[in-house]
Amino acid sequence: MYLEHHPAIWAAFPSLVAGVLLVADVPSQAPTADQLAPLFARARARLAATSEAELPEIQAWRRAFGQLGLKPTQYRSAAEALLRRFRREDALPTLHPLVDVCNAVSLAFALPVAVIDLDHVSGFIEIRAAAGDELSQAFSGEIEHPDPGEVIVVDADRRVHARRWTFRQSRHSTVSAATRRALVISEGLHATAAADVPALFDALVPLLQAIGCAPAHRALLSAAHPRWRPPA
């Protein structure tokens, strides 16, 4: 098992900072209100001062999506989509303890956070441009093919776990009540991402421990060290 970004991703986006965290002993149920409240408060404070579109973290992803040929207001990063929903509703839906905490951390830091059930990943995870013949399962259950050239998160069976980089996760590896091991991925492209991505994981780890998860291994990736492999 490993995770890596293709060299072309690092070449096209040299400011990219990527963090990964392996989580074991994922509980199917756990109270999260105490963990979520401070994160929601931080998000409210940032949104009270400016719109999500003006946050430097979101602006950087908009530029990246534009560089990839996507309309930034049609395909929003996962973080921007969460912030927009939270600004309108002042809440997020309750889905699963691990997902709920990760979504709240994403709100607080304005950075996309993906959570992938590792028992539904084959061999490895690569973040790369799509050939167009890979398979992605939409939340409707429909099987899709990514557009050639779009950035995908894909495994050894050419199964896509996220499309358009941070835009849409596949239903296939979504965390559920049966999940026991998960991989958390967060990436930033803005000027202070080298400090903010590690800070996100510094905040996330004790929150996960508080709901009964066991954060097992963590790494920060770069063009010089593009591959993460968990210890044996």
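The values are calculated or read from the model by the stated rules, or taken from the named source; none is laboratory data. In this text, all values refer to a predicted model and were calculated from it rather than measured experimentally. Cβ atoms come from the backbone with ideal geometry, glycine included; neighbour counts cover every protein chain shown.
One residue is enough: does segment 172-190 have a residue meeting the conditions assigned to a strand (DSSP E or B), at pLDDT 95 or above and over 26 Å from Leu55 (Cβ atoms)?
yes
Please tell me if Ala216 is assigned to a strand (DSSP E or B), touching a residue at least 12 places away in the same chain (Cβ under 8 Å) and crowded, with 21+ Cβ neighbours inside 10 Å.
Against the criterion (assigned to a strand (DSSP E or B), touching a residue at least 12 places away in the same chain (Cβ under 8 Å) and crowded, with 21+ Cβ neighbours inside 10 Å), Ala216 does not qualify.
Regarding Leu47, is this residue crowded, with 18+ Cβ neighbours inside 10 Å and modelled with pLDDT of 95 or more?
Yes: the conditions hold for Leu47.
Within segment 73-94, is there a residue that is over 18 Å from Phe167 (Cα atoms), part of a helix (DSSP H, G or I) and without any contact (Cβ under 8 Å) to a residue 40 or more places away in the chain?
yes
Among the residues of segment 20-43 satisfying the criterion of being surrounded by 15 or more Cβ atoms within 10 Å (Cβ to Cβ) and in a helix (DSSP H, G or I), which is modelled with the lowest pLDDT?
Ranking the candidates gives Gln35 first.
Assess whether Gln59 counts as being in contact (Cβ under 8 Å) with a residue 24 or more places away in the chain, more than 16 Å from Ala108 (Cβ to Cβ) and more than 19 Å from the chain's Cα centre (by Cα).
No.
Checking Gly149 against (1) free of Cβ contacts under 8 Å to residues at least 60 places away in the same chain; (2) small (Gly, Ala, Ser); (3) not in a strand (DSSP E or B), which single condition isn't satisfied?
If we test Gly149 against (1) free of Cβ contacts under 8 Å to residues at least 60 places away in the same chain; (2) small (Gly, Ala, Ser); (3) not in a strand (DSSP E or B), just (1) comes out false.
Just the residues that are among the hydroxyl-bearing types (Ser, Thr, Tyr) and crowded, with 19+ Cβ neighbours inside 10 Å, please, taken from segment 152-185.
The answer is Thr166, Ser170, Ser173, Thr179.
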